[in-house]
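Comments concern the structure below.
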């Protein structure tokens with residue numbers, strides 16, 4: 001089980017919305033299998049795009065101040081007041097946390113607004129822990145938000161520094177680009 005100070009989640013592509021990308025929630029699962037309690041100060045959007053053209057109003061926020069909604073625990077929801085939505089800006093930079101923690105997985109709750117709003121959810125993400133890439137080069141494919149809160153739809157991404165089985169990696173990235181620039185980076189410390 002890896003130990004680290006910071007998980008970097010790179011949002012690579014939305015499910016179809018060319019202008020926005022968003023998430024509903026994130027949970028970091030510790031070595032005991034339980035979600036870690038994280039302060040809103042432990043999550044931030046990094047990069048020069050973090051404050052530009054942010055989406056505000058209607059309960060949606062794309063500024064660093066709005067990204068705290070990803071840790072508010074209201075993940076199984078259709079209420080956009082508990083979601084983070086941001087413009088598809090480019091060129092983020094890195095950030096670092098303070099203390100190492102043993103980590104098992106990251107649960108991603110994709111953007112889950114109205115039926116037509118789920119196109120803004122992240123389709124592909126890349127994960128790294130303390131700068132070590134944990135995802136295939138083309139990223140990890142996320143399920144689209146279901147536009148319902150009738151069931152827990154969060155998707156667990158196992159954090160492992162061991163290389164995945166070669167055949168599984170080839171199948172995962174067969175139709176995904178290998179060189180991608182992140183739209184946003186979200187640092188969780």
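Consider the stretch 85-97 and keep the residues that are buried (at least 19 other Cβ atoms within 10 Å of the Cβ) and either out of contact with any strand residue (DSSP E or B) (no Cβ under 6 Å at 6 or more places or on another chain) or in a strand (DSSP E or B) (or both). The one that is modelled with the highest pLDDT is 85. Counting only residues that are modelled with pLDDT under 90 and in a loop (DSSP other than H, G, I, E, B), the stretch 1-31 holds 9 of them. Under the condition of being assigned to a loop (DSSP other than H, G, I, E, B) and modelled with pLDDT under 50, the residues counted in the stretch 58-68 number 6.
Just a yes or no: is a residue in the stretch 98-109 under 24 Å from residue 158 (Cβ atoms), at pLDDT below 85, touching a strand residue (DSSP E or B) at 6+ places or on another chain (Cβ under 7 Å) and assigned to a loop (DSSP other than H, G, I, E, B)? Yes, the conditions are met somewhere in the stretch 98-109. Residue 147 falls short on exactly one of the conditions (1) in contact with a helix residue (DSSP H, G or I) (Cβ under 6 Å, 6 or more places away or on another chain); (2) not in a loop (DSSP other than H, G, I, E, B), and that condition is (2).
Conditions (1) closer than 13 Å to residue 80 by Cβ; (2) surrounded by 15 or more Cβ atoms within 10 Å (Cβ to Cβ); (3) within 13 Å of the chain's Cα centre (by Cα), marked per residue:
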| position | (1), (2), (3) |
| --- | --- |
| 112 | yes, yes, no |
| 117 | yes, yes, no |
| 120 | yes, yes, yes |
| 124 | no, yes, yes |
| 128 | no, yes, yes |
| 134 | no, yes, no |
| 140 | no, yes, yes |
| 143 | no, no, yes |
| 148 | no, no, no |
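Exactly one residue out of 152, 182, 163 is modelled with pLDDT under 85 and more than 23 Å from residue 41 (Cα to Cα), and it is 163.
Listed here are the residues, each with its yes/no results for (1) modelled with pLDDT under 70; (2) under 18 Å from residue 125 (Cα atoms).
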{"site": "41", "(1), (2)": "no, no"}
{"site": "44", "(1), (2)": "no, yes"}
{"site": "52", "(1), (2)": "yes, no"}
{"site": "70", "(1), (2)": "no, yes"}
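The values are calculated or read from the model by the stated rules, or taken from the named source; none is laboratory data. Source: prediction; values computed, not measured. Note that each Cβ is placed from the backbone with ideal geometry, even for glycine, and that neighbours are counted across all protein chains shown.
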